[in-house]
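Some notes on the structure that comes next.
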Amino acid sequence: MKEKAVLKFGQKYLNLACILEGIAGGDGPYGDQKIFFDSWARKKIELPGFYSDGIPSIIRRYAKEIGNTEDEDAKERSRICLEMFRKAFLTFAIGLRNVRSQLRELDVIAYRIKDPVRSQTRIDQVRGMNIFLDVLYSDLYPNKGCPVYQEIVEYMTGVSPAMIPSREEIDMKRYGISELLSRKGYGSSEFMSQIAAWRNDLRLLRKEEMLDMYRQGVEKLVDSIKISSGFPADAKVKVVEPSKTGSDRFRSGSFDYGRGGPYRAESRIIPDDTSTLVDVATTVAHEIGGHYMLSVLWDKYHRQTGDLFGAIGTMCSNIAITQEGIASHGTRFYEKELANIYGDNIMKDIGIAQELEELAMMMLPFEIARKENEQTTPEKMVEEFIEYGVSEGRAERRTVGIFDPFRRPRTLAYTGSAYMQGSQYIGRLIERYGAKRVLEACVEPISLLALSKSLGKVQ
């Protein structure tokens, strides 16, 4: 790959990724409060100086304080200071017009790239970055107005109309799962009773067991991927204990690429009193068979070509939606490996677990849309998540994440635009082209529309 426009795009993209993370008030690769700039496959000293020093470093300090304190007064003081520094960074250090101008320049470069798949990917990424900048600006200056949620989803995914499920669609999904459980002998008039009976037969895990099972599964799947995909011998994922504060409060599992050296990562699973071995297996498939697999592939592409676009892991972006879509189908990509790790019998229940997870993912944009229209409360949201099959602990974590003001930009442009949308779009491509071909088309960063274009040209 010698095309100069691709390399030029990557260098300018690195600068803009740092700028958006600074405006958002996140840590990026420096900590746990990530908002756009999720990971960096190279040494931190190679990041632009304006991001490593001065106001952005102060922004990161206040962002960390917000995530690591339970004292509401201290948290509010940190929020006020964080907002002040974010505005200072946007207004004085960078300038909104300058950021817009750089995004336009990036867009022009993307259109000049000759390879149609690479060009489409970068066009889609810039489109998402523009709408995310709108969200960040409206977060800092609420009187300026915010793009409507439907518009955000369309811009982030590149898919129109916006992929936001209706009440009828989630009810239909729940009915289908209920029928599936009934055919397996778990008949009941109450959906939650059906799920509880099914899960009780799976045996609940103690929190210590859950962490041990996750660690074993991660190690074994990484070893399997090394053999099947030719990954470097030193590729490794370290399982670490989840923190009780920070962003771990909002999620069920996590993955951080680039920690500990090339092709290395850290991962967590958040212990839950209602978790089973099936939950552990599906999380291993998601974090390792999805996120880790793609991160290594894209890092290898970067190291082979010098294209910095492959070195930067992002959230709130189109290629992040591809990542989440691939990760949500990790059990389909690594079915044999998971059966070898956890036993053949578990695979019979993973299908049900995946259907329930799809329903849980559908609930995210549905509830976010209701919250944006002021049609729900935190209490009602928790109840409704549970009513549609989400465990109580997970329902509470998701609700806190959706209502937390600091996380609102990420909620709109990532949580509400990536999980269900990526899963459904990638799922349709797998049905049409097969899991193997879809994964083979993801050897470098790629957007949803570019992935479809790439698969469509090889019949």
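When DSSP assigns beta bridges and you keep just the ones with both residues in the chain, what percent turn out antiparallel, to the nearest 5? Each step should come with its number before you reach the end.
Numbers: 9 of 13 bridges.
Expressed as a percentage, antiparallel bridges in the chain total about 70.
Would you compute, from DSSP H runs of 4+ residues alone, the mean residue ellipticity of the chain at 222 nm, taking -39500 (n - 2.57) per run and dividing by the full residue count, rounded to the nearest 500?
Helix-only estimate at 222 nm: -19500 deg cm²/dmol.
Within 10 Å of each residue's Cβ, count the other Cβ atoms and sort ILE319, ILE352 from fewest upward.
Ordered from fewest to most neighbouring Cβ atoms within 10 Å, ILE319, ILE352 come out as ILE352, ILE319.
Taking 7 Å along the Cα-to-C-beta vector as the label spot, tell me the LYS8-MET192 distance in nanometres, rounded to one decimal.
5.9
Based on the Cβ-Cβ distance of ASN373 and VAL400, what FRET efficiency does E = 1/(1 + (r/R0)^6) give at R0 = 22 Å, to the nearest 0.05?
Computed FRET efficiency for ASN373 and VAL400 comes out at 0.65.
If you find the alpha carbon centre of the range 388-407 and of the range 4-68, how far apart are they in angstrom?
26
Return the distance in nm (one decimal) between the two label points of a simple spin-label model at VAL240 and ASP171, each offset 7 Å from Cα along Cα→Cβ.
Inter-label distance under the simple model: 4.5 nm.
Contour minus end-to-end for GLU179 and THR69, with contour as 0.36 nm per residue of separation and end-to-end as the Cα-Cα distance? Let's see the in-between values first.
Numbers: separation 110, 0.36 × 110 = 39.60 nm, distance 4.45 nm.
Length difference between fully extended and current span is 35.1 nm.
Can you tell me how much longer the chain between ILE80 and TYR141 gets when fully stretched, taken as 0.36 nm per residue apart minus their C-alpha distance, in nm with one decimal?
This chain segment gains 20.6 nm when fully extended.
Hey, if you drop one equal point scatterer on each alpha-carbon of the chain and run the Debye formula without solvent, what base-10 log of I(q)/I(0) do you get at q = 0.11, 0.14 Å⁻¹?
Taking Cα atoms of the chain as identical point scatterers yields -0.87, -1.48.
Dipole of the chain, Cα-centred, from +1 at each Lys and Arg C-beta and -1 at each Asp and Glu C-beta, to the nearest 20 debye?
1920
What percent do you get for the relative contact order of the chain when only Cα pairs under 8 Å and 6+ apart count? Before the final figure, lay out each step's value.
Details: 676 pairs, mean separation 96.3, N = 459.
After rounding, I find 21 percent.
Give the relative contact order (percent, whole number) for the range 322-459; include only Cα pairs under 8 Å separated by 6+ residues.
37
Please arrange THR331, THR314, THR91, THR274 by how many other C-beta atoms lie within 10 Å of their C-beta, fewest to most.
THR91, THR274, THR331, THR314
Using a 7 Å offset from Cα along Cα-Cβ at GLN304, what residues in the range 433-452 end up with backbone N under 14 Å from the label point?
Residues passing the 14 Å test: 440-445.
If each residue's Cβ is checked for other Cβ atoms within 10 Å, how do VAL153, VAL148, VAL99 rank with the fewest at the top?
On the way: VAL153 28, VAL148 14, VAL99 20.
Neighbour counts put them in this order, fewest first: VAL148, VAL99, VAL153.
Which length gain, in nm to one decimal place, applies between THR91 and SER57 when the Cα-Cα distance is subtracted from 0.36 nm times their residue separation?
On the way: separation 34, 0.36 × 34 = 12.24 nm, distance 1.64 nm.
In short, 10.6 nm is gained.
If I model a spin label at ARG437 and LYS43 as a point 7 Å from the Cα along the Cα→Cβ vector, what separation in nanometres do I get?
Computed distance between label sites ARG437 and LYS43 equals 4.4 nm.
Read-outs throughout are calculated quantities, based only on the coordinates presented, and are distinct from any laboratory measurement. These numbers were taken from a predicted model, which means no experiment stands behind them. Backbone-built Cβ (ideal geometry, glycine too); neighbour counts: all protein chains shown.
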